[in-house]
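Notes for the one structure printed next.
The values are calculated or read from the model by the stated rules, or taken from the named source; none is laboratory data. Values in this document were obtained by computation on a predicted structure and should not be read as measured data. Note: ideal-geometry Cβ built from the backbone for every residue, glycine included; neighbour counts use all protein chains shown. We work out accessible area using only protein heavy atoms, side chains counted, and drop any ligands, DNA or RNA first. Shrake-Rupley method; radii C 1.70, N 1.55, O 1.52, S 1.80 Å.
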Amino acid sequence: MQLSFHSSKIHELLNLQHQLLSAFSQSYPQANDFTHLLNFPRSGMLAVDGQRWKFAKHGVGLRFEREEPVPHLVVEMHDQFGDCAKVDWWRLTLFLESMGITTQRADAERAVLEHNRRTQ
């Protein structure tokens, strides 16, 4: 897959991460332990721009799944939850797979490296 395609999807993912983090922080202001997520709810629902998202805490991250509208998207903020500018090959791969787009790990890693080079 072309890097420009991955680049546009990375920007889409980063935008969603920002929106989800913002909605989460507004809905759960008491959840402020961004290192261990000790005072975070285990699961819940969020509304983001008229979309319905559910989330589940795991380890030191949250997994968001869009329920409405379709397509069903996944935003996996599996670590460094408070950093909505973070992207890695795993986040990108799961996001793309939720869209029905298959990608190889090496392609996702290259796209993330290229993105990081351009944004630093």
Express in nm, to one decimal, how much length is gained between Val74 and Arg117 on full extension, taking 0.36 nm for each residue of separation and deducting their alpha carbon distance. 13.0 nm
If a/c stays under 1.5 just call it rounded; otherwise compare a/b with b/c (prolate if a/b is bigger, oblate if not). Do that for the stretch 41-109, with a ≥ b ≥ c from the square roots of the Cα gyration tensor eigenvalues. oblate
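If Rh is defined by the Kirkwood formula over all Cα pairs and Rg also comes from Cα, what ratio Rg/Rh do you get for the chain? Don't skip to the answer; put the middle values down first.
Values: Rg = 14.1 Å, Rh = 14.7 Å.
Ratio of gyration radius to Kirkwood radius: 0.97.
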Kindly state, to the nearest 0.05, the FRET efficiency for Thr35 paired with Arg63, given R0 = 25 Å and r defined as their beta-carbon distance. 0.85
Tell me which aspartates and glutamates have Cα within less than 19 Å of Lys57's Cα, excluding those fewer than 8 residues away on the same chain? Asp33, Glu65, Glu67, Glu76, Asp79, Asp83, Asp88
So, with points 7 Å from each Cα along the Cβ direction, the Ser4-Asp83 label distance in nm works out to 3.0 nm
Accessible solvent surface per residue of the stretch 1-85, calculated while the other protein chains remain in place, 1.4 angstrom probe, Å²: 53 Å²
Options His58, Leu14, His78, ranked by Cα towards positive dipole end of the stretch 4-99, top entry (Cβ charges): His58
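How high is the relative contact order of the chain? Use alpha-carbon pairs under 8 Å, at least six apart in sequence, and give a whole percent.
Working: 174 pairs, mean separation 26.6, N = 120.
Relative contact order here is 22 percent.
Counting each DSSP H run of 4 or more residues in the chain as -39500 (n - 2.57), what helix-only mean residue ellipticity at 222 nm follows after dividing by all residues, to the nearest 500 deg cm²/dmol?
-14000 deg cm²/dmol
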When the chain is treated as a Gaussian network with springs between alpha carbons less than 10 Å apart, the largest mean-square fluctuation among Arg66, Arg91, Arg105 is found at Arg105
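What's the carbon and sulfur percent of the chain's accessible surface, probe 1.4 angstrom, rounded to a whole number?
On the way: 3350 of 6520 Å².
The computed percentage sits at 51.
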